[in-house]
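Novice: Mind looking over this structure? Questions follow.
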Amino acid sequence: MSLTSAATLATLDRTGPRRITDLAAVEGVTQPAMTALVRVMEESGLVERRGDASDKRVTLVCLTEAGASYVRTRRQAGVHAFERLIGELTGDEVEALVAALPALNHLAELESQDREGPKQ
């Protein structure tokens, strides 16, 4: 799976259903590229398109249970990789990481806000 596909699934998991135009903007790709990507993920059973109850002209891209499961599995694999690597650090290095956590959390929040753009 491409990084853009994985990032798109993660965005949908974090923010809920989105329009293709919103997903394209968040992921930094063109609308035609996102449309093609969504089609492939739809054929794989990871996402589905649904109508927007508030605007019948709009179609939203939603995670399926398979897509949500993929995101959870991928995140868990990342957690296990970090656990293994942190286990190889010295005590001082672990303490330095713990001390840096507030700044790292803030960076993650800023990045998330930047990627998600304005809320619908």
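Novice: With a cut-off of 8 Å between alpha carbons and a minimum separation of six or more residues, what is the relative contact order of the chain in percent?
Specialist: 24 percent
Novice: Another question, then. Would you mind working out the accessible area per residue for the chain, using a 1.4 Å probe, and quoting it in Å²?
Specialist: 66 Å²
Novice: Just to be sure I understand the rule: take each whole DSSP H helix in the chain, project its Cα atoms onto its long axis, keep it if the span is 15 Å or more and its mean Kyte-Doolittle hydropathy is at least -1.0. Which ones pass?
Specialist: Correct list, ordered by number: 3-15, 31-43, 65-86, 91-116.
Novice: Leaving ligands, DNA and RNA out of it, report the carbon-plus-sulfur percent of the accessible area of the chain at a 1.4 Å probe.
Specialist: C and S atoms contribute 58 percent here.
Novice: Also, I was wondering about something else. Computed over the Cα atoms, what is the radius of gyration of the chain divided by 2.2 N^0.38 Å, N being its residue count?
Specialist: Compared with the compact-globule rule of thumb, the chain sits at 1.27.
Novice: Compute the distance in nm between two label points, each set 7 Å from the Cα along the Cα-to-Cβ direction, one at Asp55 and one at Thr73.
Specialist: Reported label-point gap for Asp55 and Thr73 is 3.5 nm.
Novice: How would Ile86, Ile20 line up by accessible area, probe 1.4 Å, largest first?
Specialist: Output order, biggest surface exposure first: Ile86, Ile20.
Novice: Here is a further query. Quick check for me: using +1 on Lys/Arg Cβ and -1 on Asp/Glu Cβ, what's the dipole size of segment 43-120 about its Cα centre, in debye to the nearest 20?
Specialist: Using Cβ point charges on Lys, Arg, Asp and Glu, segment 43-120 gives about 580 debye.
The values are calculated or read from the model by the stated rules, or taken from the named source; none is laboratory data. Just so it is clear, the structure is predicted and the values come from calculations on it, not from any experiment. All Cβ positions, even for glycine, are placed from backbone atoms using ideal geometry, and neighbour counts span all protein chains on display. In case anyone asks, the SASA skips ligands and DNA or RNA and just uses the protein heavy atoms, side chains included. Shrake-Rupley method; radii C 1.70, N 1.55, O 1.52, S 1.80 Å.
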